[in-house]
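For reference, the structure discussed in these notes is given below.
Laboratory data are not the source of any read-out in this text; all were calculated from the coordinates shown. Computed from a prediction, not measured in an experiment: that's the story for all the values here. Positions of Cβ are generated from backbone atoms using ideal geometry, with glycine treated the same way; all protein chains shown enter the neighbour counts.
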Amino acid sequence: MSHNTSAFKNWKEIRRKRALELKEQGWKQCRIAEALGVSKAAVSQWLSNFNKSAAEAWRAKPQGHRPPKLTQQQLQEVPDLLSHGAEAYGFRGELWTCSRVCQVIQQEFGVAYHKAHVSRLLKALKWTPQMPIERASQRNQTAIETWRLEVWPLLKKRRSKMA
């Protein structure tokens, strides 16, 4: 079953409008609440609002959102700040974590964010989690290549026979 969101832009408005229609047809509030799957108190409040402000009472009110803590300009500066590297801000190692980015934003802009929100900010800036570029000094590239070409195919064959 697929939902067509363009058909019903705001299902809450449709539900309120339906409550008004049912009331005009003579339904009692308790039956309207039962039919629409809402509480009697909600229906009572909707109908009270209909009586007060008439036609537009069933319309959804715009949700108030808190203004962003960082301005758009500050947000655009974040990648440039991070490009200096984590060690430039006193962290050990070059790996950026959300906690570290939180600390940098706090230090540079005086704005505190939770690390989960910083993750969303970085995703909006098209910054993705990265693995460190540096390789271990003990890394033996020829042994790795031999394993990938000879051992791994044998393991894959054995696994497919077991399944």
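Ranked by the mean number of other Cβ atoms within 10 Å of their residues, highest first, the peptides 105-112, 65-72 fall in the order 105-112, 65-72.
Cross-link partners for K126 among the aspartates and glutamates, with Cα-Cα distance under 20 Å and sequence neighbours closer than 8 places in the same chain left out: E77, D80, E94. Computed from backbone phi with θ = phi - 60° and the Karplus coefficients 6.51, -1.76 and 1.60, the 3J(HN,Hα) list for region 135-150 is 9, 5, 5, 7, 4, 10, 5, 5, 5, 5, 5, 4, 4, 4, 8, 10 Hz; x is used for glycine and proline.
Place the peptides 135-141, 91-97, 152-158 in order of packing, highest mean first, counting for every residue the other Cβ atoms within 10 Å and averaging per peptide.
91-97, 152-158, 135-141
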